[in-house]
Structures are given as C-alpha cells and as structure tokens.
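Shown below is the structure under consideration.
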Amino acid sequence: MSIRRVGKADSPAAGSISSAKSRSVDSVSGEIFARHLADIAAVREPEAVDAVTATELVTAVSDREPTPHQRREQLLQTGELLDSLAALGRDIAAVGKNSSMELRSHLQKTRDLALRTLSDSPTTGLERDLLHRTTVLATVELAKSDRGDYK
C-alpha cells in the first residue's frame, strides 16, 4: 500500500505505510497482548459460569407462594368483579334499557384495581388465576359495551 501526498503536484511521494522496524515491534506486542488476553479469558471463564449457576439457586420473588392475605384479597376482588359483571348483565338484559354509565364505570374501577393487584402479587396460585380470568372477562365485556354490541 502506498501513500500519496495531496496538494503537491510536483513531487508525488509514494512509500509504504510501515517500515520493517515498526512491523516487528507491532507483531511482537500484538502477540504479547493476545497471549495476555487469552490468559485472562481462561481464568475468568469458570468464574462467570459459577456466578450464573449460583443465581439459579435463588428463587424469584414472583415465583413464591402467595400469602393468606394476598389470597383473601384476590378472592374478594374476584367477588367484586363478578358482582359488577352480574349487575351489568342484568342491566343489559332489561328490555329497552342501555347499560348505564354508573355500572360501566364501577366495573372499570374494580377491573383496574384487580389489574394492580395482579401486577403486585406472585404469579402462582389458583386464586390469582381466577382473578386473572375474571379480569380478562371484565375487560372483554367493557370492550363489547364500548363498541355497542349490546344495543
């Protein structure tokens, strides 16, 4: 590879980028660096594996069993959601009557509270599953009534 000087038309100088002297120093230092890097990588690898396997022993917060208080709260909120859904269903079933905004807003509030509880509670348990399914049902019914399916 050669270098040409730009701007001096009378003497285009061409020469190699590196000389023999710098080439030998660079290759030796590069080899030393590569060996040093390989030594460090060989020492650090088992430590990294040990750190990863050690984290498997720690259980995640969301995987623990819910407390009795959390289970009771989830069951109470499921009951409130079911009551709100039943009231909305009775209102829709009444002839010539559209669903009232009060019932829909109450259902939306209880659904939002249930969503907050679901996000803060552990991911296991039958009570949580029941609350989750009821919350999905409430969300679907709210979307249907917003869309106008029950008119």
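Would you check which residues across the range 121-133 are part of a helix (DSSP H, G or I) and open to solvent by less than 50 Å² (accessible area, probe 1.4 Å) and list them?
GLU127, ARG128, LEU131 - these are the residues of the range 121-133 that are part of a helix (DSSP H, G or I) and open to solvent by less than 50 Å² (accessible area, probe 1.4 Å).
Separate question: Can you tell me which condition TYR150 does not meet? The list is (1) surrounded by fewer than 18 Cβ atoms within 10 Å (Cβ to Cβ); (2) part of a helix (DSSP H, G or I), and all the others hold.
Going through the list (1) surrounded by fewer than 18 Cβ atoms within 10 Å (Cβ to Cβ); (2) part of a helix (DSSP H, G or I), TYR150 breaks only (2).
Let's see how each residue does on (1) modelled with pLDDT of 80 or more; (2) among the aromatic types (Phe, Trp, Tyr); (3) touching a helix residue (DSSP H, G or I) at 6+ places or on another chain (Cβ under 7 Å); (4) farther than 18 Å from THR135 by Cα:
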residue	(1), (2), (3), (4)
ASP26	no, no, no, yes
SER29	no, no, no, yes
ASP39	no, no, no, yes
PRO46	no, no, no, yes
THR55	no, no, no, yes
ASP63	no, no, no, yes
GLY79	yes, no, no, no
ASP83	yes, no, no, no
SER99	no, no, yes, yes
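Would you mind finding the one in LEU137, LEU118, LEU107 that is surrounded by 13 or more Cβ atoms within 10 Å (Cβ to Cβ), modelled with pLDDT under 90, part of a helix (DSSP H, G or I) and not aromatic (Phe, Trp, Tyr)?
LEU118
Do we find that ALA94 is modelled with pLDDT under 85 and among the aliphatic types (A, V, I, L, M) in this structure?
Here the answer is yes, as ALA94 does meet what is asked.
The values are calculated or read from the model by the stated rules, or taken from the named source; none is laboratory data. Keep in mind the model is a prediction, meaning the values are calculated, not measured. Cβ coordinates were reconstructed from backbone atoms using ideal geometry, including for glycine residues, and neighbour counts include every protein chain displayed. Ligands, DNA and RNA are excluded from the accessible area calculation, which covers all protein heavy atoms including side chains. Shrake-Rupley method; radii C 1.70, N 1.55, O 1.52, S 1.80 Å.
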